[in-house]
Amino acid sequence: MNSAVIEVLAPRYGIAWYPWAVQYFFLIAISYSALLLTVPGLLFGKKNYESLAKVALLVTVSCTLVGPVALLADLHQPLRFWHFYANLTPWSWMSIGSLLLPVYLILVVAYAWLAWRPAMQVQAQGEGWIAKLSGWVSLGQWCAPRWMLVVAGLGALALSVGIMVYTGAEVAIVKARPLWNTHWLPVMFVLTGLVAAAGLVILINRLMTGNDQEVNEQSLKVIVVTMILSALVAALWISEGITGFSPSVEQAFASLQRNPEWRAVAIYGLLVGIALTLSAIAMLRRPGWIGRSWIAGLLAVHIGWTFRWMVLMEVQTVAKNTAGYYHYAIEAGSSGLMGIIGTFGLWLAALLIIDILVPWKKSLQASSH
Amino acid sequence: MDKIRRTLLGQIAKLTAGAALVPLSSIAAAGINDQPARREGDPEKRYAMLIDLRACIGCQACTVSCHIENEAPLGSFRTIVSQYEVEHEETGNTATFMLPRLCNHCENPPCVPVCPVQATFQRKDGIVVVDNEACVGCAYCVQACPYDARFINEYTQTADKCTFCAHRLDVGLLPACVESCVGGARIIGDIRDPNSQISRMMKEHYNELMVLKPEMGTAPHVFYLGMDERFVSRPDAKPAIWDVRDQQGEEIGYEFSGH
Ligand code: SF4
Ligand code: SF4
Ligand code: SF4
């Protein structure tokens, strides 16, 4: 079969999931990862992790609130979202997700509410509209027993596992896209989510709480460990493809064959990954450097977001049926750039509103007992 | 792709075309991502299409008539005929290969179980349809179809795809593409009826039939006669897409140009 084939006529297929999907996957991953970071300080009440828990709690609440908005926006018929609940479809991962998400959101908000409540009650004693609002939000001066916080926290944690599994499985079961169809994808979503969450915690710590060194150190450690694990997972995925152990990974490689752009992406990913890991290690080792953790924080957030962009957007440009690749140019309108900026804007607004209304830097309920 | 792999894929293609004829017993909904029960349609029938590539002249009459019948937006297609130029490396001779593509109305359609609101479903006669009153436009089914047979219709903002012209079949008419096929290459019919033209042709050419992407395990029900193994899966070809432009020179049929 010595022949050269040219595809003369084929339609261009557009992408079907828009950048909104990247925003959702990014925010929800940060949400469940930051929730994990609150556990030692808030749920277990470990004193030396309390500062970390404070920042992480703010991060998890703000991302949990904004993530679902991006998800809704990715539907082409967002006003029909109630169809999810009118037609329960237990065999569809997306339907399962639509059930988990609201429960998760409520539990995270309850957990944060209970943690912030004692400080809000103190604030309610003061003068002015913020005090009045705090009084309403904290629903009176009664003391919520600690078990309530523990129950809400454990519930949120249990649901967060559900979110990790469903967001990963939803994408990984799509056989039609070999680059998605691997059981390593859900693992990678969680690991890069932790990297990004720790990075965001470092950034907020730098911008809003005076660069607490303990928080920097703990977050950098999370970054180093998860980056090493990510490298391990990537290596396993690649070896599955090279050895042919997984036919779908093999197909995934074949689909990118001889494509210089994808090769560039792989090299870039490798370099940024190494840069982040090494710089995080260096910052941990050299006492003077830890104050500049925000650089590692920025890199970490960049990795978490770009991983999702590559996986969810760029993979859609790999043709399923026809030769070659589709070109995806990000559009300026609401399904493109405005969507990305809008989501981040909304998140920033959520963060600032919480910052104004909630004395989140005061001690949490965990230590008030 | 090397020669051995290609031949192997070709073999699988033939085998799967055979296996698809054994009707799968109806699968009850069980685990996640399993096929749900079928609904509507005539349980006595199983529609399928046979495309005789030897008779296809690549005129795109099917593409156009489908477009008109089903009012698809510009640039989105329920069926299209891919065209390839094949050049023999030694002799330099060229030949053209035409490949009509449409929804395969798979026996194991991955687009169905993913749908979160049961808007996409398979009828008892095998036809896979979308209820676009129920569809939320999540595009999960578009991702799940290995054949790019689905798209989000920019007018309705819901999933759209070939239905074998179910609205015509149900009243005894042929699908638009079959009706207009210049070469008589498209044959549609009920494969449960041993006397239908499609059943007779499938019996006659049983060993030559192939389906697209058999490795996906979808058991397609569009069968190709006169298929070249190199085109069964994503072809190892040089893309030379011609941009489709309207009178103003604006590109059409391209994702972000129209909205
Ligand atoms: S070809 Fe695609 S859209 Fe058609 S039934 Fe198969 S998976 Fe579904
Ligand atoms: S786009 Fe419509 S038909 Fe397709 S999976 Fe989503 S809701 Fe179902
Ligand atoms: S109308 Fe018939 S002959 Fe013409 S391109 Fe379509 S399938 Fe081929």
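The numbers here are math on the coordinates, done by the rules we state, and not lab data. Remember, predicted model here, so these are calculated numbers, not experimental data. Positions of Cβ are generated from backbone atoms using ideal geometry, with glycine treated the same way; all protein chains shown enter the neighbour counts.
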>> Apply the a/c threshold of 1.5 to the C-alpha gyration tensor of the stretch A:133-220 and tell me whether it is rounded, prolate or oblate.
In response: oblate
> Under a straight-distance cross-link criterion of Cα-Cα below 19 Å, which aspartates and glutamates are reachable from A:Lys46, leaving out those fewer than 8 residues away in the same chain?
Replying inline: A:Asp212, A:Glu214, A:Glu217
> Taking springs between alpha-carbon atoms closer than 10 angstrom, which of A:Ala252, A:Ala234, A:Ala264 fluctuates most in the Gaussian network model of chain A?
Replying inline: A:Ala264
> Which whole-Hz couplings ³J(HN,Hα) result when phi for each residue of the stretch B:218-225 is put into the Karplus expression 6.51 cos²θ - 1.76 cosθ + 1.60, θ = phi - 60°, listed in order with x for Gly and Pro?
Replying inline: 8, 6, x, 10, 10, 9, 10, 10
>> Using all alpha carbons of chain A, what is the percent of pairwise distances in each 10 Å bin, ordered from the shortest bin to the longest?
In response: 5, 22, 31, 24, 12, 4, 1, 0, 0
> Taking H as built 1.01 Å from N, whose amide H comes closer than 5 Å to the amide H of B:Arg46, not counting residues under 5 places away?
Replying inline: B:Ile191, B:Arg192, B:Asp193
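Which value, in debye to the nearest 20, describes the size of the charge dipole of chain A about its Cα centre when Lys and Arg Cβ atoms bear +1, Asp and Glu Cβ atoms bear -1, and nothing else is charged?
Around 540 debye, computed over chain A.
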>> I'd like the Karplus ³J(HN,Hα) series for the stretch A:88-95: coefficients 6.51, -1.76, 1.60, θ = phi - 60°, whole numbers in Hz, and an x wherever there's a Gly or Pro.
In response: 4, 10, x, 8, 9, 4, 5, 5
> Please state the relative contact order of chain A as a whole percent: Cα pairs under 8 Å, 6+ residues apart?
Replying inline: 27 percent
> Using the Karplus equation 6.51 cos²θ - 1.76 cosθ + 1.60 (θ = phi - 60°), what ³J(HN,Hα) coupling, rounded to whole Hz, does each residue of the stretch A:178-186 give in order, writing x for Gly and Pro?
Replying inline: x, 5, 8, 7, 8, 5, 7, 4, x
> Taking only DSSP H segments of four or more residues, each worth -39500 (n - 2.57), what value at 222 nm results for chain A once the sum is divided by all its residues, to the nearest 500 deg cm²/dmol?
Replying inline: -23000 deg cm²/dmol
> Relative to the Cα centre, what is the charge dipole magnitude of the protein assembly as shown, using +1 at the beta carbon of each Lys and Arg, -1 at the beta carbon of each Asp and Glu, and rounding to the nearest 20 debye?
Replying inline: 2000 debye
>> Under a Cβ-only charge scheme (Lys and Arg +1, Asp and Glu -1), can you give me the dipole magnitude of the stretch B:86-148 about the Cα centre, in debye to the nearest 20?
In response: 340 debye
> Just how far, in whole angstrom, is the stretch B:63-89 from the stretch A:180-247 if you go by their alpha carbon centroids?
Replying inline: 44 Å
> Is there a pair in A:Lys320/B:Lys45; B:Lys161/B:Lys213; A:Lys175/B:Lys203; B:Lys213/B:Lys238 whose C-alpha atoms are over 28 Å apart, and which pairs would that be?
Replying inline: A:Lys320/B:Lys45; A:Lys175/B:Lys203
> For the stretch A:188-326, what is one quarter of the convex hull surface built on the Cα atoms, given in nm²?
Replying inline: 9.0 nm²
>> Please compute the Kirkwood hydrodynamic radius over the protein assembly as shown, one decimal place, Å, based on all pairs of different Cα atoms.
In response: 26.7 Å
> Alpha carbon centre of the stretch A:17-41 versus the stretch A:94-125: separation in Å?
Replying inline: 15 Å
>> Along the charge dipole of the stretch A:188-326, pointing to its positive end and built from +1/-1 on Cβ of Lys, Arg, Asp and Glu, which listed residue (A:Asn259, A:Trp305, A:Trp289) has its Cα farthest out?
In response: A:Trp289
>> P(r) for the stretch A:76-138, please, calculated from all Cα pair distances in 10 Å bins and given in %.
In response: 19, 29, 19, 21, 11, 0
>> I want to verify a result. In a Gaussian network model of chain A, Cα cutoff 10 Å, which of these has the top mean-square fluctuation: A:Ala176, A:Ala296, A:Ala29?
In response: A:Ala176
> Among the lysines, which fall within straight-line cross-link reach of A:Lys47, defined as a Cα-Cα distance under 24 Å, with same-chain neighbours fewer than 8 residues apart omitted?
Replying inline: A:Lys221, A:Lys361, A:Lys362
> Reachable aspartates and glutamates from B:Lys124, Cα under 16 Å, same-chain residues fewer than 8 places away excluded?
Replying inline: B:Glu40, B:Asp42, B:Glu44, B:Glu107, B:Asp170, B:Asp190, B:Asp193
>> Could you list A:Lys320, A:Lys362 so that the one with the fewest beta carbons within 10 Å of its beta carbon is first and the one with the most is last?
In response: A:Lys362, A:Lys320
